[in-house]
1. Place the label 7 angstrom along Cα→C-beta at B:Ala179 and in each other copy, then list the distances from the first to the rest in nm, shortest first.
2. With 10 angstrom as the radius, rank B:Tyr152, C:Tyr270 by how many other C-beta atoms surround their C-beta, starting from the fewest.
3. Would you mind checking which residues have amide H under 5 Å from B:Ile214's amide H? H placed 1.01 Å from N; only 5 or more apart, or other chain.
4. Would you calculate a helix-derived [θ] at 222 nm for the protein assembly as shown, using -39,500 (n - 2.57) for each DSSP H run of n ≥ 4 and dividing by the full residue count, to the nearest 500?
5. Which FRET efficiency value, to the nearest 0.05, do you get for B:Asp129 and C:Ala70 by plugging their Cβ-Cβ distance into 1/(1 + (r/R0)^6) with R0 = 41 Å?
6. Given labels modelled 7 Å from the Cα in the Cβ direction, how far is it in nm from D:Asp281 to C:Tyr139?
7. Can you sort C:Ser168, C:Ser302 so the residue with the fewest Cβ neighbours within 10 Å comes first?
8. Evaluate peptide B:50-60: per residue, the Cβ atoms of other protein chains within 10 Å of its Cβ; return the mean as an integer.
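Here, each number is a calculation from the coordinates, and none is a lab measurement. Note that the coordinates shown come from a computational prediction; the quantities given were computed from them, not determined experimentally. We place every Cβ from the backbone using ideal geometry, glycine too, and count neighbours over all the protein chains shown.
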Protein chains: 4
Amino acid sequence: MADHSEAPLPFQLRKLGHVVLNVTDLERSVRFYTEVLGLVVSDQDKDTLYLRGLEERSHHSLVVKRTTEAPMYERAGLRVFDEEELELCKRAFEQHQLPCEWVECPFQGRTLHATDICGTPLEICATMDRQPRLDMDVYKHKGAQARRFDHYQITIPDIEKATRFYTSIGCRVADYITAAGHPVGVFLQMKDTPYDLVFLERDGPAFHHFGYIIPDIQAMLRACDTMGELGWGKNVEYGPGKHAVGHSYYVYILDPDGHRCELLLPPIVYMDADDPPHVWDVVTSERTTEAWGLPPRESWFSHRSPFRNVTVTVPPAGGAPMTLEAYLQIAQ
Amino acid sequence: MADHSEAPLPFQLRKLGHVVLNVTDLERSVRFYTEVLGLVVSDQDKDTLYLRGLEERSHHSLVVKRTTEAPMYERAGLRVFDEEELELCKRAFEQHQLPCEWVECPFQGRTLHATDICGTPLEICATMDRQPRLDMDVYKHKGAQARRFDHYQITIPDIEKATRFYTSIGCRVADYITAAGHPVGVFLQMKDTPYDLVFLERDGPAFHHFGYIIPDIQAMLRACDTMGELGWGKNVEYGPGKHAVGHSYYVYILDPDGHRCELLLPPIVYMDADDPPHVWDVVTSERTTEAWGLPPRESWFSHRSPFRNVTVTVPPAGGAPMTLEAYLQIAQ
Amino acid sequence: MADHSEAPLPFQLRKLGHVVLNVTDLERSVRFYTEVLGLVVSDQDKDTLYLRGLEERSHHSLVVKRTTEAPMYERAGLRVFDEEELELCKRAFEQHQLPCEWVECPFQGRTLHATDICGTPLEICATMDRQPRLDMDVYKHKGAQARRFDHYQITIPDIEKATRFYTSIGCRVADYITAAGHPVGVFLQMKDTPYDLVFLERDGPAFHHFGYIIPDIQAMLRACDTMGELGWGKNVEYGPGKHAVGHSYYVYILDPDGHRCELLLPPIVYMDADDPPHVWDVVTSERTTEAWGLPPRESWFSHRSPFRNVTVTVPPAGGAPMTLEAYLQIAQ
Amino acid sequence: MADHSEAPLPFQLRKLGHVVLNVTDLERSVRFYTEVLGLVVSDQDKDTLYLRGLEERSHHSLVVKRTTEAPMYERAGLRVFDEEELELCKRAFEQHQLPCEWVECPFQGRTLHATDICGTPLEICATMDRQPRLDMDVYKHKGAQARRFDHYQITIPDIEKATRFYTSIGCRVADYITAAGHPVGVFLQMKDTPYDLVFLERDGPAFHHFGYIIPDIQAMLRACDTMGELGWGKNVEYGPGKHAVGHSYYVYILDPDGHRCELLLPPIVYMDADDPPHVWDVVTSERTTEAWGLPPRESWFSHRSPFRNVTVTVPPAGGAPMTLEAYLQIAQ
């Protein structure tokens, strides 16, 4: 496979689009995503559910498809500015011998199915059908009142390869995590807020989580309470807590099929794009990832959703993460 | 009518109970009280609606009855501790030649219809049917998520007579408002939080407002937003704001029939019951009733709901209140 | 020691008062209690710190004394209605051969040092000096903005003995926790909100935690953030979370000497005192103590503060609590 | 003056920068802006105060200068991407015969003082000194905890001229307000959230208000409370309320010199930049500007801060705005 570091792909990503994932029980997922996250159903047929956040004009930011097999991810969605840019995108993937082909997707303009340099299946388009914003229809709001799709995090074995690829097509490096100098995580941006794309070094490609912005901490607790009341109380996996690095309150929850979602409060704006990336070393830094409280449990690190029909590669072994389990052993 | 100041009635009020009011369109009131206040319907027939707050175990704190006439108040409800106390209550009203008689009211134990010394029609009982608390069923909560009935305010021409009456049957004076030494308002307590009963000197008896406790300011705004979305945006009469005297954020809203309701945040606790009443003079005090912002508009002072079949008396003329209208004239 | 179940002590507790605890570094404790909890210093000398909540009129609800030994608790404080009741209290303790003596305590009226039937050292008085309420001085508020002292929880080996004692002097049983029918926890009330006194069956008497009411979830997070920023991030022991039984959001934090404090949101009001106690069995109930999320870590159960010079007794062995550590083992 | 509609100025604005205003008492302004808004002082000398929001990396977003004359505005600040763009900007203003000259400003890179086509004095630069973000230093946060500068609103007599000018240098039209077809207000964007620049048709140029983003409604009330406590309670001019058009909760406050500031909650993101502008007609629309509650008082419309040494022009007379005063007359 070609080295892309010297030859930037001649197109620019504009923003994240959506994710496409599988579940085993569509009605259960409707209930979870509308009652807990507070997403709105834009469209639904017997096999597919199209969801959007309360302030989103685009038709969907989450596509949930019924499967009779193990629930996995199908694709991560990206957006380019217009149809012309989409043509350039197609040519760039071809030129670099990465898989790509035109497909038809409901409610989207012409769409490209492509595979990035790490093997992640992508779905790229320039336009989607429009829907009304519902952020002002307060009295219908439910659960976390999720406002908009914010970011996703994927684990891959080679962080640097992913970084070279995505920075060549319009992403900026916002922050790095290193372990004794070796990069183990990278936070990439397209919009003005941290972050759009996060890659962590582990076996992959596999989907760790996607994040939605919610209005306030009351909404976060309402989501947790709703999970408790609807029988998913144990799926509140980690938090509520506060990221020391990411500048945000969070909670990580698991949907009924085990897909992980982060709910987070309105982010800071990076108004000064010429800031150099912030490097944070997990070994030498005095700061931990959390501003206070306990580290995540082991499942938060190990459990991820594979992509359908994608081979997972394991990175050279590194240090074990500081899990809650390890922390409790040490703390005894 | 007898002077009660020397001869305390030999029974004790325990707490406020409920209010009974009339509306012209019951379905509209269901919508208002469940979507805006977030009250729960305990029971409903074609003419009457029984509502309670989310944490209330008693069957109802608000009874809404259909009328084909002008919408008024029927009765203010009070509670005594047990049936024995209720018997004492009956005898005390009889002894003082105040109207009282046993009646049957659905969902309530034996009930007394009586008239207080100012002419206010009362409904007094010791017990009500029980309902489950719904404060933990968060995902069903709506609007202001009203938790519990808190207090009511009535205008009457003689504050001192009312004060003597109610302090003789278990109320404590928490605060006074005076105008150049003359009492124009009194705040009475039975529970540990300010206030239960408020009397203001004006023509009356007439009902000014009742108040419900709501969990936080997010709930207050959700109530206002819901009113805007359901076509009652102009019925957000005053606030959100903060009482300088009453230690609480508030908003005053009007139901579709013009009955006024205050939504207020969880109150302070008066843990030291031997505090003397606080006296606050509207003329000489540097503090205004509001911590910041504008005074209430004229309608907030003048508009009240009469009691059905009750004659209204006018007090000796006093100074005009500082209305928003008067304030804007002065401020020009 | 006499059995008190048949012969009620002829006096009534009115409310909780305060707690008296030891710390090793008074300046550090000033910083913790004013910046994290947001308590106000009513008075301070070189060895003692008197603190109160923002809405409290009483001089102190927390007394912090410097020690050069291991930091423990000195006394749990209770209040009676007046000096006459305090005399009755003295005679009752004497009659039942429980230790009691008059002492002088700064800022308090005449004070009784007594020992309850479980061996817990008490400090009982009727009056305290007054301080202004500071709940309205919003711009000076810090951290959790703790409003008022709410409850305390003590572990003792014999729940039933404690229950008989405290119900005989004015407490009501609000809730029970049982394990296969055997009472392992009791929640007692004096005020209208859950709870005042909580006893759990374990070795004791030992102090598990005291609780303060805070205004909203924003205040809870501000306390956690402040702990992270001041170097106490690991002392956020458990939460933020929600009690399924106690109707409240909570966080448990440890002060720099390891004393545990619960911060909780404004509680529900038990407006119907004739409700029978709610019994909740840890073995047979479908509900867990938490509405969602993980159980407390082992230290939350095992770590408590002993009382100075008090012998700890161990109860007959019972089942192990469901700790976070045990949960993570099972969940693997 | 040249018509710019056909010949776009060959440079692009990147974002708003800051505003420069005068006050008569600098210490009073320090108190107002740090205690009420919660801004941070980046630098201060005896005549000038440099302030920034809690998450801002740029040295200042608000420059407050002492004056012995009437307090006015000096300049509205804009930012371009880099020094090269700043050169292009200079040439563009020269080419169009608009005043512009290089000046030195402390803490800013090379700076251009220029005048826009409506006569508004501008201060344009590409870089500023950096300061640490303080958004995570929660325990030091005060008042409204203002996070970042968001937008400003200026009144001018010719909306269409301003629109042509600013859209030619990188602004997009987000929304229009019309009165019976005639444009009376325009909302312009550079960042992804509504709005950056707002122009209303009235006599001008004059400064109506600038806005800061605050984290939540608790912060808004803390700002109002602080104003009440520090003696500025009457300067809470309008709100808290909710814009029906602007998708946001707001409060308008006046600083001690009468300069108006809006505090607003985190905005929605316009993720679909190809949305056509939304047109909203004040005459024919069923929706009012406010989601609920009362209209602004007359001063909110009429009171604005002039720019120093700038001549004000009056537009052709239009309809009177719906002020609170007019509303109360009608509503009587």
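1. Relative to the other copies, B:Ala179 has label-point distances of 4.0, 6.6, 7.6 nm.
2. C:Tyr270, B:Tyr152
3. Placed amide hydrogens put B:Arg147, B:Leu264, B:Leu265 under 5 Å from B:Ile214.
4. Values: 24 runs with 216 residues, N = 1328.
Computed mean residue ellipticity for the protein assembly as shown: -4500 deg cm²/dmol.
5. That gives a FRET efficiency of 0.15.
6. So the label points at D:Asp281 and C:Tyr139 sit 4.7 nm apart.
7. Result, fewest neighbours first: C:Ser302, C:Ser168.
8. Values: counts 0, 0, 0, 3, 1, 6, 4, 7, 2, 0, 0.
So the per-residue partner count for this stretch is 2.
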